Amino acid sequence: MTFLDYAPAPESTAILDIKPSYGLFIGGEFVDARGDSFATISPSTEEHITTVGEANAADVDRAVKAARLAYDKTWSKLSGSERGKYLFRIARIIQERSRELAVAETIDNGKPIRETRDVDMPLVAAWFFYYAGWADKLEYAGLGPKPQALGVAAQIVPWNFPLLMLAWKIAPALAAGNTVVLKPAETTPLTALLFAEICQQAGLPEGVVNIITGAGGTGASLVAHPGINKVAFTGSTPVGRSIAASLAGTDVRATLELGGKGANIVFDDAAIDQAIEGIVSGIFFNQGHVCCAGSRLLVQENIHDDVLHRLQRRLQTLRLGDPLDKNTDIGAVNSKAQLERISALVDAGEAEGATRWSSDCVLPAKGFWFQPTVFTNVHTSHRVAQEEIFGPVLSMMTFRTPEEAIAKANNTPYGLSAGIWTEKASRMLAMANALRAGVIWANTFNKFDPASPFGGYQESGYGREGGRHGLAAYLEASDQKAGGR
Amino acid sequence: MNPATALAQTPRAHTVLGPGATEKALTTFLNGIPGVDTVGAHARAAGFASRSLKTTSKAAGLDTIISMVDLTTLEGADTVGKVQTLARKAVSPDVGDPSTPSVAAVCVYGDMVSAVRESLGAHHISQRPDGVAVAAVATAFPSGRASLAIKLADTQFAVSEGADEIDMVIDRGAFLSGSWGLVYDQIVAVKEACKREDGSFAHLKVILETGELATLDNVRRASWLAILAGADFIKTSTGKVAPAATLPVTVTMLEVIRDWHALTGEKIGMKPAGGIRASKDALRYLVAVAETVGEHWLTPDLFRFGASSLLNDVLMQRQKMRTGHYSGPDYVSVD
């Protein structure tokens, strides 16, 4: 054994108490789904975790009605400071149960425990703490002296950051005085169901938060329900587009957080070792299942070979394997379907003539895995330069001048994120002004904070989550009529 | 010095700066090195610190740490008795467990070298390959504020007393004022002073005193400068200035060592010193070394810990791993 063959350091799962099956969380209690049930499996082992209910249209109706009742009878009658107390309580319980939630997320999603433990769960708690503080200060949100809640919010979250996306949706909605019906992704329902237990533990009034599990059909029923006032969706651009179409002509408000093909731009004067780290965290964090991933690397042409060499050397040190092992850097791809999509796009990249390089890590026999991969000789016309892969695959291109970097970075139907690596502050600011992306990081990447608004341009969606701006998505300005129908 | 004056010529400087290099050429080169982003460097170090070394990895790591310790005493109150106690400890760190490896070296002031050599006897590295070396601080350690003549005499004395390794300090005042040629030439001169009568050289460790250089950009430049001038090892600190060794500083220096190796194939050693007291911290340094320059650097020839209290903490952890329970400080020897 050599030093770098670190001995197994598995996080214990003993802390976790998963029930053999879960119903839907409606009106403050778990009820059986009237539709079918389906299994959720661990993507790293393909082992069965638990069985969850699939909400059909009748279940959706029941959940929306429970949320409406809670809004009318309880939640809209509470003062902001009372709502804030519940949110603070939830935030503290999340902190207390963070290890359990991290293990559950790792098992269900496949992402490494070091990420769920060090990134996801601290951010989940931070989001609830942040918006708990806003609950009694809404008159300072820039929306007039007495902004009003919208009513019932339908929220659909993706599988890449299951509990964190739940927090991004539920915390501001509740702080602003709305009640919610939330649907987690069908491959990652576990932490949302544990969150339902936390709502019970916090004594949250029944019906304020309703969690319904299911696949696309459940989501479609939810956004089509006439009883909702607001849709908040994070997921793929095609689904976002169909939601926007189904809501057209109604007065249901919508915020959509969709795909991206972020450019990470490295100038020749960058702090090179830190830029390499930023490239790595930009695309290999969370197996690249990040909508704001820096999936296009734009490197100044004169340092291309040096950057590639350093990047490849660094990627060889990434440890792929059991996501519960505390030393694992790269976990499992979330599902077989996603693995097939990644593989298909990578095959397309090779067929189009880009040069593929993958790190030497050995893939486990069971589960869904993909090696960290870098494409060089990529041209802007290649599919791997245009389409969102949503996996650990980086497409490396070059530029010669700042103007060319801006033109190439903006040459995408998306516009969610971008990164700039330079030691020259004036260039950094000029680039940031010229880039068409909702989030721009300078000399860092994939950093999130509840106080900072997040959202995209063009096909990356509309609306902002996080910060004061995130409240606007759940409030009507003082002079508007609001509060349900 | 006149920026156009030629520097002392070394093979390494020749490789990078070309023949007849001047201070201007050195300055241009060092200013052209990519910068270090402090926030990113700290994040990288924190990443290494989050590695989890358990069971067999921890046990092997603890023994590796012991074998890399430069067991150090650098006090005005040092006596022959004190350094000889330390030398005994260096040979047999844990008398209750003969499987415990010896440390790499004993590190003392130059006037204590002969006492340490005498105490080591047959356990000195000249007598057996796994023996203990003697390192001496020199060049008006720790401040380095003395004339070059005194620094060289200090070095020559320690070498003539039998020091295997010399830990020199750079002139931080000269470095901070931009007199990089002066710092460079002094290192070259000290290296020459490490030459023994038989033509061999004592190993030269160059202490940057990173706590006084303050920025990671300076640390990176000083690392390149020391290597170009002929350092066998680069070392963070004297232990007399806070902060001493930190993980971000060490990683920054290791990156220079890695880049030098990629450029020339030559392996430079690294020695963090001061402030590393817990086994847990030391294990993090091993991770940083293995994941930055590669695990073939995990040998006393290429990596050392400058430490005193660290050894006892490692011994207690080692006893814990063997017996399953913590023993406590009364079960390791004070020195």
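Computed from the coordinates by the stated procedures, all read-outs in this text should not be read as laboratory data. If you're wondering where the values come from, they're calculated on a predicted model, not measured in any experiment. Positions of Cβ are backbone-derived with ideal geometry, glycine not excepted, and every protein chain shown enters the neighbour counts.
Once the C-beta distance of A:Asp136 and B:Arg277 is scaled by a Förster radius of 51 Å, the resulting FRET efficiency is 0.60 to the nearest 0.05. Axis angle, to the nearest 10 degrees, between helix A:98-109 and the longest C-alpha principal axis of chain A: 70 degrees. Among rounded, prolate and oblate, which fits segment B:3-67 when a ≥ b ≥ c are the square roots of the eigenvalues of its C-alpha gyration tensor, a/c under 1.5 means rounded, and a/b larger than b/c means prolate? Because a/c hits 1.5 or more and a/b fails to exceed b/c, segment B:3-67 counts as oblate.
Using the structure shown, list the pairs from B:Lys191/B:Lys235; A:Lys111/B:Lys54; A:Lys65/A:Lys336 with a Cα-Cα distance above 24 Å, or answer none. Before the final figure, lay out each step's value.
Values: B:Lys191/B:Lys235 15 Å; A:Lys111/B:Lys54 21 Å; A:Lys65/A:Lys336 35 Å.
In this structure, A:Lys65/A:Lys336 exceed 24 Å between Cα atoms.
For B:Ala273, the residues whose modelled amide H falls within less than 5 Å of its own, excluding neighbours fewer than 5 places apart on the same chain, are B:Thr236, B:Ser237, B:Ala245, B:Gly306. With neighbours defined as other Cβ atoms within 10 Å of a residue's Cβ, the residues B:Asp281, A:Asp268 order from fewest to most as A:Asp268, B:Asp281.
Residues B:Val251, B:Val188 in ascending order of nearby Cβ atoms (within 10 Å, fewest first): B:Val188, B:Val251. Phi angles across segment A:183-197 convert, under the Karplus curve 6.51 cos²θ - 1.76 cosθ + 1.60 with θ = phi - 60°, into 3J(HN,Hα) values of 10, x, 5, 5, 8, 9, x, 4, 5, 5, 6, 5, 5, 4, 5 Hz, Gly and Pro given as x. Across chain A, the mean sequence separation of Cα contacts (distance under 8 Å, 6 or more residues apart), normalised by length, yields a relative contact order of 19 percent.
Taking the dipole about the Cα centre of segment A:60-216, with the C-beta of Lys and Arg at +1 and of Asp and Glu at -1, give me whichever of A:Val181, A:Leu138, A:Ala66 is farthest to the positive side. The Cα lying farthest towards the positive end belongs to A:Leu138. Straight-distance candidates among the lysines for linking to A:Lys85, with alpha-carbon spacing under 23 Å and chain neighbours fewer than 8 residues away dropped: A:Lys73, A:Lys77, A:Lys137, A:Lys146, A:Lys169. Need one number: nm distance between label points at A:Ser79 and B:Asp198, each 7 Å from Cα along Cα→Cβ, rounded to one decimal. Inter-label distance under the simple model: 8.7 nm.
Within the same chain, lysines fewer than 8 places from A:Lys424 are excluded, and of the rest, those with a Cα less than 27 Å from its Cα are A:Lys261, A:Lys408, A:Lys447, B:Lys24.
Summing Cβ point charges (Lys, Arg +1; Asp, Glu -1) relative to the Cα centre of the protein assembly as shown gives a dipole of roughly 1560 debye.
Taking the dipole about the Cα centre of chain A, with the C-beta of Lys and Arg at +1 and of Asp and Glu at -1, give me whichever of A:Gly419, A:Trp127, A:Gly216 is farthest to the positive side. Positive-most Cα among the choices belongs to A:Trp127.
Charge dipole (Cα centre; +1 on Lys/Arg Cβ, -1 on Asp/Glu Cβ; no other charges) of chain A amounts to roughly 1300 debye. Only helices enter the 222 nm calculation for chain A: every DSSP H run of n ≥ 4 contributes -39,500 (n - 2.57), and dividing by all residues gives -11000 deg cm²/dmol, rounded to 500. Within a straight-line Cα-Cα reach of under 21 Å, B:Lys89 can be paired with the following lysines, leaving aside sequence neighbours fewer than 8 residues apart in one chain: B:Lys271, B:Lys320. Neighbouring Cβ atoms from other chains, within 10 Å of the Cβ of residues in B:29-40, number 5 on average.
About its Cα centre, segment B:108-259 has a charge dipole of approximately 260 debye under the convention of +1 per Lys or Arg Cβ and -1 per Asp or Glu Cβ, with nothing else charged.
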